[in-house]
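The values are calculated or read from the model by the stated rules, or taken from the named source; none is laboratory data. Note that this is a predicted model, so its numbers are computed, not measured. Please note: Cβ atoms are built from the backbone with ideal geometry, for glycine as well, and neighbour counts cover all protein chains shown. Heads up: the accessible areas ignore ligands, DNA and RNA and are worked out on the full protein's heavy atoms, side chains in. Shrake-Rupley method; radii C 1.70, N 1.55, O 1.52, S 1.80 Å.
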Amino acid sequence: MSDPTERVVLLDERGDPCGVALKDTVHDARTALHLAFSCHVRDTHGRILLTRRALTKRTWPGTWTNAFCGHPQPFEPIPEAVERRADQELGLELRDLRLVLPDFRYRAVDASGVVENEICPVYTAEAVGDPVLDPDEAMDAAWIEPARLAAALEAAPWAFSPWLVLQAREMSDAGGAISAAAWAEARA
């Protein structure tokens with residue numbers, strides 16, 4: 001279950017911390033800019049972990065997305081927050097955690113009108129073992145070959161979270177096209 005005391009770090013337009021709010025109160029139709037993170041996880045075979053968000057999630061319920069996302073707590077180093085959430089959401093230990101998009105920022109509105117408005121550094125990592133899903137966070141998971149994921153994101157971007165599609169484009173570094181290179185180990 002979600003921790004009702006979990007907080008998010010609010011940011012000004014320059015990306016500097018300017019306050020703190022309870023996570024349960026920050027996501028609405030006027031979501032303030034805040035700090036988050038996103039992580040793409042691969043296995044030892046180079047496959048990418050996708051998760052399907054739980055139907056109880058406030059934003060994009062039931063939507064396929066990257067392995068996991070979260071919010072660092074005030075004064076918590078983001079890499080520590082990434083490892084904490086990997087364990088909480090997926091029961092995963094990570095290795096080779098790397099920052100790949102330090103300045104990723106997006107704003108998106110889901111079908112219910114709830115807004116995501118985040119500066120969201122993006123990481124990649126390798127999973128140690130297989131995920132054990134927290135049903136409050138993810139209802140399904142699948143390992144997928146990078147080329148198949150790139151093709152699916154290009155063919156049906158509406159079927160995935162908007163941040164996954166945007167991150168894959170930026171990670172591909174191919175003029176806006178999504179390629180399997182986004183998740184190449186050398187890039188990670």
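Brief remarks follow.
- Note on the stretch 1-42: Kirkwood hydrodynamic radius from all Cα pairs is 11.5 Å, rounded to one decimal.
- Pairs of Cα atoms nearer than 8 Å and 6+ residues apart set the relative contact order; for the chain it is 24 percent.
- Average projected area [Cα convex hull, the chain], square nanometres: 9.8
- Rounded to the nearest 10 square angstrom, Asp12 shows an accessible area of 40 square angstrom against a 1.4 Å probe.
- Net length available on complete extension from Ala152 to Arg58 is 31.4 nm, with 0.36 nm assigned per residue and the Cα-Cα distance removed.
- Accessible surface comparison of Cys69, Cys39, Cys18, probe 1.4 Å, protein chains only, largest first: the order is Cys18, Cys69, Cys39.
- The stretch 74-168, relative contact order [Cα under 8 Å, separation at least 6], %: 26
- Length released on extending from Arg14 to Glu80, taking residue separation times 0.36 nm less the Cα-Cα span: 21.4 nm
- With all protein chains in place and ligands, DNA and RNA left out, the 1.4 Å accessible area ranks Thr44, Thr51 as Thr44, Thr51, largest first.
- 17 Å tail of the calculated P(r), the stretch 103-154, as % of Cα pairs: 67
- In the context of the full protein assembly, His40 retains an accessible surface of approximately 10 Å², using a probe radius of 1.4 Å and ignoring ligands and nucleic acids.
- Separation between Cα centres of the stretch 109-129 and the stretch 1-66, rounded to whole Å: 5
- Comparing the stretch 1-74 with the 2.2 N^0.38 Å rule of thumb, its C-alpha radius of gyration ratio is 1.27 (two decimals).
- Exposure rank, largest accessible area first [Phe68, Phe160; 1.4 Å]: Phe160, Phe68
- Among Ala81, Ala151, Ala125: highest mean-square fluctuation, GNM of the chain, C-alpha pairs under 10 Å: Ala151
- Rounded to whole Å, sorted largest first: equivalent-ellipsoid semi-axes of the stretch 26-133, Cα gyration tensor: 23, 16, 12
- Taking the DSSP bridge list for the chain and keeping only pairs wholly inside it, about 80 percent are antiparallel.
- Within the chain, the longest run free of trypsin sites (Lys or Arg not before Pro) that sit in a DSSP loop with at most 16 other Cβ atoms within 10 Å is 59-186.
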